[in-house]
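Read the structure below first, then the notes.
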Amino acid sequence: MLARPLVFLALAVALAGCSGYKRPPSAFHEVLTQPYRLDSSDRLRIIVFGQSDLTNTYVVDQAGYISMPLIGSVPARGRTQQELAAAIAASLRKGFLRDPDVSVEVDQYRPVFVMGEVQAAGQYPYVAGMTVQNAIATAGGFSPRADQAGAEITRQINGEILNGRVPITDPVRPGDTIYIRERLF
């Protein structure tokens, strides 16, 4: 008679261990309210007012730089749009323009990656306001074996890679990798 409760207890402990739920670190959600930081693959529209030769679309390269005429490589990774505009203006003031007026806009954000139990795993363009659920829909929806309760997101914050399990209503950031697990039953 004592064996039956022990079997149920052992089964409950085993299933609890399989869930693997790990609450995301606080920085995981704090980054959602902070200014956007540029990184590789972001495509930027840089406007230098009155200078049509400098106004153009630039892509942040793998090393985190953009390359502009006159001033060459400018570090962009980890900077906000306003910080990059100030850095470009400061470089242009060094012998090129007296009082440059520079504006930086994100023309296209770096992509998000959707993996696991979705119909068409792959790389997809980020859209402002995107949630995990939107990203899954972009990837063709859940596969028949998908655990639809949540998703795992891998996110880089200040050079550190963080992982966390979130509900599908959570917002996504450019560059996130979303993984949908297979359900147990």
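Bear in mind these aren't lab numbers, they're just calculated from the coordinates by the rules spelled out. Predicted, not measured: the structure shown is a model, and the values here were computed from it. All Cβ positions, glycine included, derive from the backbone under ideal geometry; neighbour counts span all protein chains shown.
Report the extension gain between Ala27 and Ile47 in nm, rounded to one decimal, defined as 0.36 nm multiplied by the number of residues separating them, less their alpha carbon distance.
4.0 nm
Rounded to the nearest 0.05, what FRET efficiency is calculated for Glu83 and Gln123 with R0 set to 41 Å and r the Cβ-Cβ distance?
With R0 = 41 Å, the Cβ-Cβ based efficiency is 0.90.
Between Glu160 and Thr55, what length in nm is gained on full extension when 0.36 nm per residue of separation is reduced by their alpha carbon distance?
34.5 nm
Name the residue farthest towards the positive end of the dipole of the range 42-108 from the options Val59, Gly78, Phe96, assuming +1 on Cβ of Lys and Arg, -1 on Cβ of Asp and Glu, about the Cα centre.
The residue sitting most towards the positive pole is Phe96.
Going by C-beta contacts inside 10 Å, put Tyr109, Tyr36 in order with the fewest on the left.
Sorted ascending by nearby Cβ count, the order is Tyr36, Tyr109.
Normalised by the number of residues in the range 42-108, what is the relative contact order in percent for Cα pairs under 8 Å and 6+ residues apart?
It comes to 38 percent, rounded to a whole number.
What angle, in degrees between 0 and 90 and rounded to the nearest 10, separates the Cα long axis of helix 81-93 from the longest principal axis of the Cα atoms of the chain?
Roughly 20 degrees between the two axes.
In the neighborhood of Gln148, defined by Cβ-to-Cβ distances under 15 Å, what is the net charge if each Lys or Arg adds +1 and each Asp or Glu adds -1?
Neighbourhood net charge equals -1.
Hey, what angle do you get for helix 3-19 against the long axis of the chain, alpha-carbon based, 0 to 90 degrees rounded to 10?
Here the helix axis deviates by roughly 10 degrees.
Among Ser40, Ser26, Ser91, Ser67, which comes first, second and so on when ranked by fewest other beta-carbon atoms within 10 Å?
Ser26, Ser67, Ser40, Ser91
For Gln62 and Ser143 in one chain, what is 0.36 nm times their gap in residues minus the Cα-Cα distance, to one decimal in nm?
25.9 nm
What does the charge dipole of the range 126-185 about its Cα centre add up to, to the nearest 20 debye, if the Cβ of each Lys and Arg holds +1 and the Cβ of each Asp and Glu holds -1?
100 debye
Using Cβ contacts closer than 10 Å as the measure, can you line up Asp53, Asp170 from fewest to most?
Neighbour counts put them in this order, fewest first: Asp53, Asp170.
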